[in-house]
Amino acid sequence: MPHGDAGLRVLLEAAVPFALPLRRRFRGLDVRQGVLLKGPSGWGEFAPFDDYSPLAASRWLDSAIEAAFGTWAPAVRSEVEVNAIIPALDSHSAATLAREAVLELGCRTIKVKVGDPDLADDEARVASVRDVLDTVLGRGRGAIRIDANGAWDVERAVLALRRLGAYGLEYVEQPCPTTEDMRRLRRRTDVPIAADESVRTSDDPGSVRLADIADIAVVKAAPLGGVAATLRIVETLDVPVVVSGSLDSSIGLDVALATAAALDDLPFACGFGTGALLAADLVESTRLPQGGVLAVGRAMPDLPSLVAARDRMPDDRAVWWRSRIEEAWLAGAAERSGHLVRGAS
């Protein structure tokens, strides 16, 4: 695997910036940007969101390097169940996407984004998804999970879950931003709580005692450092996990798929349904669930798609992404050096 200054040069020479338009705005984005890295093992994707610090981005770079130059743990399953995802849309649009997810993709679990200033908008969205699931699959046969991305304080979360819980929730993901708020909320709701940012943004995810604040952990392999790093973290967690993607391209999704495929216990549908949000991809046909599952395996870029995605990237952003690789590389080297110094003391 790359190391030292020569390793950084190898990465920069192998870097192909890309820009993929989205069908609908998601996480404040209309376009998903990142960089592909080509190595002897295949392709890795470096695509930390803009608000990630250099240190947080360094873990995403570790994941891309592992994918391009390393090896992954062997798979113990050939396919994984997948949830669909509904962005913060009006109820009519949410129902349309839910019908597509159930009828065309076979999904039986749907994740709905919530946390709007007006709780009535959240409720209308969740109610419309519940109506679709009950109508198509039969009453109570589909699962809804909601994701607030830490938008609520404790009192707001209690109120929201009292109302949204009436539609039958598998769990609520990251309802509050802080560990203490999550702990307080857990004492006041019967809705299971899943921790996402509490794991992903922690300086040491494996050290977090999640059982005090949540019932489930959401693990995202690329932001956590790749397949091997995520599997190590899962071993230390004291709650079951949901494996999720990070608005990846079909190439980047390989890391999350390989992680889910390697786990002995996979009790929940995986959050790999974001391909439906992409208007273009790095492959000829975006990886979407069939019969509610995705097959495990590596995708290869389609040359015309890759060239189009590269040409879509503005020149100044391409330069910015290359600089970001350097920043992440240096931040990662500093972190590894710090661990070595602390270990020797």
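When segment 286-322 is filtered for residues that are of a type in the set (Gly, Ala, Ser) and under 28 Å from Ala269 (Cβ atoms), the ones remaining, listed by number, are Gly291, Gly292, Ala295, Gly297, Ala299, Ser305. The set of residues in segment 40-57 that are open to solvent by less than 10 Å² (accessible area, probe 1.4 Å) and in contact with a Pro (Cβ under 9 Å, 6 or more places away or on another chain) comprises Pro48, Ala57. Select, from Ile213, Ile233, the only residue that is buried (at least 16 other Cβ atoms within 10 Å of the Cβ), in contact with a Pro (Cβ under 6 Å, 6 or more places away or on another chain) and either within 26 Å of Ala75 (Cα to Cα) or modelled with pLDDT under 95 (or both). On inspection, the qualifying residue turns out to be Ile233.
Residue-level check: of (1) part of a helix (DSSP H, G or I); (2) modelled with pLDDT of 95 or more; (3) of a type in the set (Val, Ile, Thr); (4) buried (at least 18 other Cβ atoms within 10 Å of the Cβ), Thr286 misses just (1). Filtering Val218, Val234 for residues that are hydrophobic (A, V, I, L, M, F, W, C), out of contact with any Lys or Arg (no Cβ under 9 Å at 6 or more places or on another chain) and free of Cβ contacts under 8 Å to residues at least 60 places away in the same chain leaves a single hit, Val234.
Residue-wise test of (1) closer than 21 Å to Ile251 by Cα; (2) within 18 Å of the chain's Cα centre (by Cα); (3) of a type in the set (D, E, K, R).
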position	(1), (2), (3)
Gly28	no, yes, no
Arg77	yes, no, yes
Ile86	no, yes, no
Leu97	no, no, no
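The values are calculated or read from the model by the stated rules, or taken from the named source; none is laboratory data. Given the structure is predicted, the values throughout are model-derived calculations rather than measurements. Quick reminder, even Gly has a Cβ in these numbers, built from the backbone with ideal geometry, and neighbours come from all protein chains shown. Heads up: the accessible areas ignore ligands, DNA and RNA and are worked out on the full protein's heavy atoms, side chains in. Shrake-Rupley method; radii C 1.70, N 1.55, O 1.52, S 1.80 Å.
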